[in-house]
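Heads up, the thing below is written out as structure tokens.
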Amino acid sequence: MKIGLVGLPSTGKTTFFQLLTESVSPNGKGRTDANIGTAEVPDDKIDYVASVYKPEQIINATIEVIDVQGLQPADSNGKSSSAHFLEAVRQVDALVHVVRAFEDDSVYHIEGDIDPLRDIEIVNLELLFADLAVIENRIERIEATKKVAKEHLEELELIKRCKECLENGDLLYSMDLNDEERKILRTYNFLTERPLILLINMDEDQFLEDNYKDKEKVLAYAKDKGIPLVNVSAKIELEISELEEEDYNIFMEDLGIEKPGINRLAEAAYDLLGLVSFITAGPRIVKAWPIRRNTTAKEAGGKIHSDIERGFIRAEVAKFEDFKKYGSMQELKEHGLVKLEGKDAIIEDGDIINFRFNV
Ligand SMILES: Nc1nc2c(ncn2[C@@H]2O[C@H](COP(=O)(O)OP(=O)(O)OP(=O)(O)O)[C@@H](O)[C@H]2O)c(=O)[nH]1
Ligand SMILES: [Mg+2]
């Protein structure tokens with residue numbers, strides 16, 4: 001899974017990026033290039049299975065995180081200079097908009113004051129302008145040809161509808177499109193079609209009180225649009241992440257941070273994208289494998305290796321809750337709790353699977 005961090009300048013994107021990826025020095029100052037890093041998805045189930053198997057290696061699911069430079073709001077003529085930075089996040093599975101709620105006079109705010117909802121709308125507009133620019137270029141290119149090829153006519157009609165949608169100030173994900181149309185649009189990697197998460201970056205006090213300026217408005221907006229909200233206090237969490245475990249736990253508790261930011265973000269992203277993980281376990285490796293919800297046993301095998309999908313015979317599936325209750329595969333087998341599933345069985349989150357295949 002890939003996510004892209006976007007937002008206005010100095011909202012805490014790179015701070016959050018460092019927290020997620022535990023990278024100490026992202027590329028330069030992040031002025032021109034995007035920072036790219038990998039975040040490990042924390043997973044209680046993997047931790048438990050690993051504590052039983054004690055494997056040589058534990059492999060959690062990962063999320064690739066791309067952090068781009070802050071977007072400069074368009075000028076009064078609607079001219080925007082953000083499109084260039086946004087190219088780096090066109091291919092992500094979800095965009096995470098880092099919104100500034102923290103109050104700190106020493107940190108410059110491009111709009112001069114704290115107003116999360118206004119900032120959310122400015123960034124939406126930047127995404128919209130970037131998509132509009134792509135569409136306008138494409139329309140120009142198609143129409144420049146003397147005779148528009150037949151296969152382009154349909155595309156042209158569709159992107160003109162998209163253009164109209166954006167010009168009305170609506171994001172493309174709100175359009176009612178059929179599968180064929182979505183397929184045509186896929187090659188464009190439109191930003192306003194990407195699933196979005198709002199990450200509210202708060203200061204210490206706001207986090208403790210679970211309150212920030214205009215919180216009610218932001219909640220109402222997110223609810224209305226069905227956009228998940230995640231709260232973090234990126235700077236403070238980054239600072240304490242450098243402490244020894246004992247101190248770290250004490251500070252997290254003092255600050256009222258029940259779960260690290262990465263946990264909350266990963267949960268929101270898995271939920272939004274409809275992902276779950278299954279587990280493979282052995283003495284060498286215990287590993288989490290992210291899959292789409294409703295993936296079949298055979299397809300799940302294909303995630304590991306195409307040979308497993310091709311030569312699929314059966315999947316031995318144990319439910320995580322049963323494993324936790326009995327504490328070993330041997331016990332589970334004796335209680336008849338390891339099921340032999342066929343190719344069409346639906347895999348659920350936490351299933352511990354051993355594939356039988358033959359190639
Ligand atoms: N007080 C306070 N400062 C913060 C917080 N989060 C980030 N900052 C500070 O804000 C400044 C900008 O943070 P960055 O993480 O670099 O922001 P950015 O969004 O990556 O900025 P650009 O890449 O320039 O757009 C830094 O000085 C951070 O220390 C916070 O929660 N509280
Ligand atoms: Mg940055």
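The values are calculated or read from the model by the stated rules, or taken from the named source; none is laboratory data. Worth saying up front: this structure is predicted, and the values here are computed from it rather than measured. Here Cβ is always computed from backbone atoms with ideal geometry, including for glycine, and neighbour counts include all displayed protein chains.
Only residues in region 244-265 that are free of Cβ contacts under 8 Å to residues at least 12 places away in the same chain count as the first member; pair them with residues that are outside any helix (DSSP H, G or I) and buried (at least 18 other Cβ atoms within 10 Å of the Cβ), Cβ under 9 angstrom, at least 6 apart or cross-chain, and list the lot. So the pair list comes out as F251/I257.
Do you know which of the residues in region 251-281 that are over 18 Å from L198 (Cβ atoms) and loosely packed, with under 13 Cβ neighbours inside 10 Å is modelled with the highest pLDDT? So, considering only residues that are over 18 Å from L198 (Cβ atoms) and loosely packed, with under 13 Cβ neighbours inside 10 Å, the one modelled with the highest pLDDT is G274.
Can you find even one residue in region 38-47 that is more than 16 Å from ligand 1 (Cβ to nearest atom), over 23 Å from E22 (Cα atoms) and surrounded by 17 or more Cβ atoms within 10 Å (Cβ to Cβ)? Before the answer, list the steps.
Just the residues of region 38-47 that are more than 16 Å from ligand 1 (Cβ to nearest atom), to begin with: 38, 40-47.
Filter once more, keeping what is over 23 Å from E22 (Cα atoms): none.
No, the conditions are met nowhere in region 38-47.
Only one of the listed residues (F102, F85) is touching a residue at least 60 places away in the same chain (Cβ under 8 Å), over 16 Å from A222 (Cβ atoms) and of a type in the set (F, W, Y). That residue is F102. For region 332-353, a tally of residues being crowded, with 21+ Cβ neighbours inside 10 Å and either assigned to a loop (DSSP other than H, G, I, E, B) or not assigned by TED's automatic domain parsing to the domain that holds D322 (or both) returns 3. Against the test of being closer than 30 Å to D104 by Cα and outside any loop (DSSP other than H, G, I, E, B), the options K163, K183, K217 yield a single qualifying residue, K217. Screening G7 against (1) within 21 Å of Y248 (Cα to Cα); (2) within 12 Å of ligand 1 (Cβ to nearest atom); (3) modelled with pLDDT of 95 or more leaves a single unmet condition, (1).
Scanning region 236-282 for residues that are part of a helix (DSSP H, G or I), within 14 Å of ligand 1 (Cβ to nearest atom) and over 20 Å from the mean Cα position of the chain (by Cα) yields I236, E239, I240.
Restricting region 88-106 to residues that are charged (D, E, K, R) and within 16 Å of ligand 1 (Cβ to nearest atom), the residue that is farthest from the chain's Cα centre (by Cα) is D105. Within region 33-49, take every residue that is under 30 Å from I120 (Cβ atoms) and not in a loop (DSSP other than H, G, I, E, B) and give me the one that is nearest to ligand 2 (Cβ to nearest atom). Looking at residues that are under 30 Å from I120 (Cβ atoms) and not in a loop (DSSP other than H, G, I, E, B), I get N35.
Here's a check for you: in region 95-138, which residue that is within 16 Å of ligand 2 (Cβ to nearest atom) and charged (D, E, K, R) is farthest from D214 (Cα to Cα)?
Going through region 95-138, the residues within 16 Å of ligand 2 (Cβ to nearest atom) turn out to be 95-100, 102, 104, 107-110, 119, 123, 126.
Then keep just the ones that are charged (D, E, K, R); that gives 100, 104, 119, 126.
On the way: R100: 12, D104: 17, D119: 12, E126: 22 Å.
The qualifying residue farthest from D214 (Cα to Cα) is E126.
Annotation: of all residues in region 186-214 being part of a helix (DSSP H, G or I) and of a type in the set (S, T, N, Q), the one that is surrounded by the most Cβ atoms within 10 Å (Cβ to Cβ) is T192.
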